[in-house]
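The values are calculated or read from the model by the stated rules, or taken from the named source; none is laboratory data. Bear in mind that the values here come from a model prediction, so they are computed numbers and not experimental data. Heads up, the Cβs are rebuilt from the backbone with ideal geometry, glycines too, and the neighbour counts pull from every protein chain shown. For accessibility, only protein heavy atoms count, side chains too; no ligands or nucleic acids. Shrake-Rupley method; radii C 1.70, N 1.55, O 1.52, S 1.80 Å.
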Amino acid sequence: MDKADGDIKRPPPVKVLSGQLRTATETSGEPSGAGWLVKLSGTRLLPVSLVWMQGTVMEVQAELNSVLLMDDTGTFTVQGVNNIPKGKPCLSSGKYVMVMGAVQAVSPEPVVRAVKMADLSERADLHRKMWTLEVEELQQVLVPG
C-alpha cells in the first residue's frame, strides 16, 4: 500500500499482556511495520505494532478520550475510545473488555490507540482465566522457542 495515501500495511494484531509491553523496545525502519519488540522467554523477540489486549476497566476519562484498563500483569491506557463504533458500552468501570489498537508508548505505562473494543463482561470469568493461556499459545506459534 502507498504510504503517501496514509495506508500502511500492518501485520495482524498480536495478543500481549501489559507487562510484556512495558518492557518492549522501540524499533526503527522495520519493513514489517512493527514498531516495538517484545522480549519473550530466553532470546525470543516478538515484533508488534498492532496489539490485542484484554482487561478490566478501572477508570473512564471521557474528557481525555481514554480509559485505564488492568490485566493480570498491570495497567495500560487506551486512547481514542470515544471514536470507536459500538465502543460506548465498554466505557464503564468494572467491565471486562478487549481492545485492538496501535501501540503508542510502552513506558512508564503502555498506551494503545484503539481501533476496536468489545465488551466481554458477560463471560468475564472465562475470558479472564483463558487470556494468559491464549497469549502464551499465540506467542509460541509466532516465535517458537
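Can you name the residue in region 83-133 that is touching a residue at least 40 places away in the same chain (Cβ under 8 Å) and hydroxyl-bearing (Ser, Thr, Tyr) and is also nearest to Thr25 (Cα to Cα) among such residues?
So the residue we want is Ser107.
Applying the selection to region 10-21, what residues are under 22 Å from Met130 (Cβ atoms) and either surrounded by 13 or more Cβ atoms within 10 Å (Cβ to Cβ) or modelled with pLDDT of 95 or more (or both)?
Restricting attention to region 10-21, the residues satisfying the condition of being under 22 Å from Met130 (Cβ atoms) are 12-21.
Listed by number, the residues that qualify are Pro13, Val14, Lys15, Val16, Leu17, Ser18, Gly19, Gln20, Leu21.
Which of the numbered conditions does Glu63 fail, given that it passes all the others? Conditions: (1) over 20 Å from Val38 (Cβ atoms); (2) open to solvent by less than 80 Å² (accessible area, probe 1.4 Å); (3) of a type in the set (Asp, Glu).
With respect to (1) over 20 Å from Val38 (Cβ atoms); (2) open to solvent by less than 80 Å² (accessible area, probe 1.4 Å); (3) of a type in the set (Asp, Glu), Glu63 is out only on (2).
Kindly indicate the residue of region 109-143 that is of a type in the set (S, T, N, Q) and open to solvent by less than 50 Å² (accessible area, probe 1.4 Å) and also nearest to Ser18 (Cα to Cα) among those meeting that condition. Give the derivation first.
Going residue by residue through region 109-143, those that are of a type in the set (S, T, N, Q) are 121, 132, 139-140.
Filter again for open to solvent by less than 50 Å² (accessible area, probe 1.4 Å), leaving 121, 132, 139.
Working: Ser121: 19, Thr132: 11, Gln139: 14 Å.
Ranking the qualifying residues of region 109-143, first place goes to Thr132.
I'd like the residue in region 71-90 that is within 12 Å of Val112 (Cα to Cα) and among the β-branched types (Val, Ile, Thr) and, out of all such residues, is surrounded by the most Cβ atoms within 10 Å (Cβ to Cβ). Working first, answer last.
Of the residues in region 71-90, the ones within 12 Å of Val112 (Cα to Cα) are 75-81.
When the remaining residues are screened for being among the β-branched types (Val, Ile, Thr), the result is 75, 77-78, 81.
Working: Thr75: 17, Thr77: 20, Val78: 27, Val81: 25.
The qualifying residue surrounded by the most Cβ atoms within 10 Å (Cβ to Cβ) is Val78.
Within region 50-79, how many residues are at pLDDT below 95 and at positive phi?
Matching residues across region 50-79 total 1.
Can Leu68 be described as farther than 23 Å from Leu138 by Cβ, touching a Phe, Trp or Tyr at 6+ places or on another chain (Cβ under 8 Å) and open to solvent by 30 Å² or more (accessible area, probe 1.4 Å)? If you could, list the steps in order and put the result at the bottom.
Numbers: farther than 23 Å from Leu138 by Cβ: yes; touching a Phe, Trp or Tyr at 6+ places or on another chain (Cβ under 8 Å): yes; open to solvent by 30 Å² or more (accessible area, probe 1.4 Å): yes.
Taking the combined requirement at face value, the residue satisfies it.
Name the single residue, out of those in region 35-60 being of a type in the set (Gly, Ala, Ser) and open to solvent by 40 Å² or more (accessible area, probe 1.4 Å), that is farthest from Thr23 (Cα to Cα).
Filtering region 35-60 for residues of a type in the set (Gly, Ala, Ser) gives 35, 41-42, 49, 55.
Still in the list and also open to solvent by 40 Å² or more (accessible area, probe 1.4 Å): 41-42.
Numbers: Ser41: 12, Gly42: 14 Å.
Residue satisfying both the conditions and the ranking: Gly42.
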